[in-house]
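So the structure is just underneath, and the comments pick up after that.
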Amino acid sequence: MNQSSLQHKMGWLFKCLPNPMTFLLLSVIIFIFVTPPEVDAKTHHYKWAVRYEFKSPDCYEKLAITIDGTTPGPTIMARQGDTIVVELKNELQMENVAVHWHGIRMFGTPWNDGTEGVTQCPIVPGDTFVYRFTLDKPGTFFYHGHYGMQRSAGLYGLIQVSVPNGVVEPFLYDEDRSIILNDWWHNSTYEQAIGLSSLNFRWVNEPESLLIQGRGRFNCSLAEFGGKCNQTNAECSPHIITVVPGKTYRLRIASVTSLSALNFEIEGHNMTIVEADGNYVEPFVVKNLNIYSGETYSVLVKADQDPSRNYWAAINVVSRKRTTPTGLAIFNYSPNPPLTPPPIAPSTGPPWNDTFSRFNQSLAIKARKGYTVPPPQTSDKSITLLNTQNKIDGYNRWAVNNVSLLLPATPYLIALKWNKTNAFNQSPAPETYDDYQNYDIHNPAANINATYGSSIYRFPFNSTVDVVLQNANMMKPNNSETHPWHLHGHDFWVLGYGLGKFDPVSDPMKYNLVDPIRKNTVPLHPYGWTALRFRADNPGAWAFHCHIESHFFLGMGVVFEEGVEMVPRLPTSVLGCGDTKRLRMPVKSGGSSLPSGFIYLSNLFVLLLLFLN
């Protein structure tokens, strides 16, 4: 049984057994009798302290948010079915924090999604919050700050989930490697946030550097007066990917960029794409890989070139006019000295404005044969989300269907479970945009004014929903940006992409209903559209937003609610803000005010779902 069938069965079970405790008790009984004896799920415990430290990832020293003094933070390595427990202490002194576990669907524990304003109150300075969740599928994922713009400040790290013991993946390799890609600014996120939020709007501009595994190189001769920059600092020596000639490597790649779409390549080597966002891809070979913020891929690389030298691994900005230098790592053929630079100049990548090649790569990503579960052939609901840049009372904002999201003081999940109807606007969110027939996506809107909003989309549990993302011109003429969209709590089927304005009559006829890839993050190309389908089968409230940090910070996002009545009683540790300021209780061992037996049953329930086959 594959993950899509499993997810469908979960939705069916929830529908048949609306009482969560009854459902969990029944699942335990089934679990005892059907779980194979070889199941050996483990619990991994981590204690992390989040704090600011001076770091020089690109040789220029600045304050960065670290986990136990490092950025990127520790890599979580576990197997499907394992439980992760992270005791996260906020030592930022004057700043709240929350951490999102990107790509982990949080079945049964939506309050652990880590999205401030949606699933939890933020963790205040000095407090500890315990995240506890089960890894429901294998693949490449990551975690990052989800409060303000903390991802841009260095709060991120990898999650590497292997298949259970005895399970064989549909491709072969000798060893596993992983890297995480990021863009990096010298201004603090406070400076960026104030500039974005000011009436005298100040854009964040292009990043100073691109980082591979937290390392890059800034030209210190360009450092502003008074800035501390040292190109001999070991923190900014290039990341080394050491390989043995003749071996094949699985290279896991994650992008946590705050702005940049990237193109990744390894000099002289082909890459075979085999996984995207934790889902197997029908393999195809590329010279370089386009990767957007929030996406993860696995590629197979064979060390089959001249072993007497090293090679460049390079990232370059695409989809924005390029001013940031190439980010570099060294693909080191052992036993060559790791830091010996390759003998030729690194690639500067494809043209930044070659939309068609990036569009075609998106089209080429399909589900792997033998691991394909076609989506429902029809949907129960369809919404269209227009992506625009707007003005509200003179302030620059980003908006969806002319509404710029303002997260409420009481997070949505809490407000919905506690019936706090005054916490957010109860009116339905707009399902399409005004004057759809006459809207010209290729020119700035005639009326650039938008409104603030906090309404949400509410879907019947287990219904099938289509979402059409429509791109358009920003306020500046001849400018349509790439928007990578990420859905929390779900994987969706990518039904199709198009350039131009979506036609609701003819374009659905072109949908791929046979072997679409399932993902949690997808690009919306300039002046184009992207169509998704998902099942609303994970009870909770879930953010769906542009993964560009400044865009979501200024309102480019929505919230989906489904089956929230099936969500168990919330732990008091997620409370403490908005209308729940006086309802929070101290976190005890295990990180929840739920009865320990209930937590145990929840974990058994998730394991049941994983091993029903």
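The values are calculated or read from the model by the stated rules, or taken from the named source; none is laboratory data. Please read these numbers as outputs of a predicted model, since none were measured by experiment. Methodologically, a virtual Cβ is constructed for each residue, glycine included, from the backbone with ideal geometry; neighbour enumeration extends over all protein chains shown. Side chains are part of the model used for accessible areas, which takes the heavy atoms of the whole protein and leaves out ligands, DNA and RNA. Shrake-Rupley method; radii C 1.70, N 1.55, O 1.52, S 1.80 Å.
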Q: Could you tell me whether any residue of segment 323-338 is open to solvent by 10 Å² or more (accessible area, probe 1.4 Å), part of a strand (DSSP E or B) and closer than 27 Å to ILE548 by Cα?
A: yes
Q) Of all residues in segment 490-506, which are crowded, with 18+ Cβ neighbours inside 10 Å and acidic (Asp, Glu)? A) ASP491
Q. Considering only segment 339-360, how many residues are buried (at least 20 other Cβ atoms within 10 Å of the Cβ) and within 23 Å of the chain's Cα centre (by Cα)?
A. 1
Q: Any residue in segment 510-531 that's open to solvent by 10 Å² or more (accessible area, probe 1.4 Å): show its pairings with residues that are among the charged types (D, E, K, R) at Cβ separation under 6 Å, as long as the two are six or more apart or on different chains.
A: ASP515/LYS366; ARG518/ASP491
Q | Scan of segment 361-370 for residues that are open to solvent by 60 Å² or more (accessible area, probe 1.4 Å) and in a loop (DSSP other than H, G, I, E, B), ordered by number | A | LYS369, GLY370
Q. Looking at this structure, is ASN471 polar (S, T, N, Q), open to solvent by 10 Å² or more (accessible area, probe 1.4 Å) and at pLDDT 95 or above?
A. no
Q.
When you scan segment 194-211, do you find a residue that is among the acidic types (Asp, Glu), in contact with a Phe, Trp or Tyr (Cβ under 7 Å, 6 or more places away or on another chain) and surrounded by 21 or more Cβ atoms within 10 Å (Cβ to Cβ), even just one?
A. yes
Q. Hey, does segment 381-392 have a residue that's outside any strand (DSSP E or B) and open to solvent by 10 Å² or more (accessible area, probe 1.4 Å)?
A. no
(Q) Every residue in segment 402-425 that is open to solvent by less than 10 Å² (accessible area, probe 1.4 Å), polar (S, T, N, Q) and in a loop (DSSP other than H, G, I, E, B), please. (A) THR410
(Q) Based on this model, can you work out whether ASP176 counts as out of contact with any helix residue (DSSP H, G or I) (no Cβ under 8 Å at 6 or more places or on another chain), touching a residue at least 60 places away in the same chain (Cβ under 8 Å), open to solvent by 10 Å² or more (accessible area, probe 1.4 Å) and of a type in the set (Asp, Glu)? (A) yes
Q. Could you say whether any residue in segment 373-380 is modelled with pLDDT of 95 or more, in a loop (DSSP other than H, G, I, E, B) and surrounded by 17 or more Cβ atoms within 10 Å (Cβ to Cβ)?
A. yes
Q) From the list THR257, THR189, which one is without any contact (Cβ under 8 Å) to a residue 60 or more places away in the chain, crowded, with 17+ Cβ neighbours inside 10 Å and not charged (D, E, K, R)? A) THR189
Q. Among the residues of segment 46-74, which ones are polar (S, T, N, Q) and open to solvent by 10 Å² or more (accessible area, probe 1.4 Å)?
A. THR70, THR71
Q) Does PHE171 satisfy the condition of being free of Cβ contacts under 8 Å to residues at least 60 places away in the same chain and either open to solvent by 40 Å² or more (accessible area, probe 1.4 Å) or within 26 Å of the chain's Cα centre (by Cα) (or both)? A) no
Q: Return yes when VAL606 is modelled with pLDDT of 95 or more, hydrophobic (A, V, I, L, M, F, W, C) and in contact with a strand residue (DSSP E or B) (Cβ under 7 Å, 6 or more places away or on another chain) and no when it is not.
A: no
(Q) All but one of (1) closer than 29 Å to VAL281 by Cβ; (2) surrounded by fewer than 20 Cβ atoms within 10 Å (Cβ to Cβ); (3) without any contact (Cβ under 8 Å) to a residue 24 or more places away in the chain hold for MET77; state the number of the condition that does not hold. (A) (3)
Q. Which of (1) free of Cβ contacts under 8 Å to residues at least 60 places away in the same chain; (2) closer than 25 Å to ASN462 by Cβ; (3) polar (S, T, N, Q) does GLN377 not meet, given it meets every other one?
A. (1)
Q: Only strands (runs of 3 or more DSSP E) wholly contained in segment 247-320 count here; list those with 3 or more residues that are aliphatic (A, V, I, L, M).
A: 248-255, 261-266, 271-276, 279-286, 296-302, 311-318
Q. Only one residue in SER319, SER221 is among the hydroxyl-bearing types (Ser, Thr, Tyr) and at pLDDT 95 or above, so which one is that?
A. SER319
**Q.** Filtered residues of segment 104-138 (kept if part of a loop (DSSP other than H, G, I, E, B) and open to solvent by 10 Å² or more (accessible area, probe 1.4 Å))
**A.** PHE107, GLY108, THR109, PRO122, VAL124, PRO125, GLY126, ASP127, PRO138
Q: Hey, can you tell me all the residues within segment 474-514 that are at pLDDT below 95 and hydroxyl-bearing (Ser, Thr, Tyr)?
A: none
Q) What strands (runs of 3 or more DSSP E) lie completely within segment 37-99 and have 2 or more residues being under 24 Å from ALA223 (Cα atoms) and out of contact with any helix residue (DSSP H, G or I) (no Cβ under 7 Å at 6 or more places or on another chain)? A) 43-55, 62-67
Q) Counting just the residues of segment 213-243 that are among the hydrophobic types (A, V, I, L, M, F, W, C) and out of contact with any strand residue (DSSP E or B) (no Cβ under 8 Å at 6 or more places or on another chain), which one comes out least open to solvent (accessible area, probe 1.4 Å)? A) ALA234
Q) Any idea how many residues of segment 537-569 are out of contact with any Gly (no Cβ under 7 Å at 6 or more places or on another chain), open to solvent by less than 10 Å² (accessible area, probe 1.4 Å) and among the hydrophobic types (A, V, I, L, M, F, W, C)? A) 6
Q: Any chance you could count how many residues in segment 119-153 are of a type outside the set (A, V, I, L, M, F, W, C) and under 19 Å from ILE291 (Cα atoms)?
A: 6
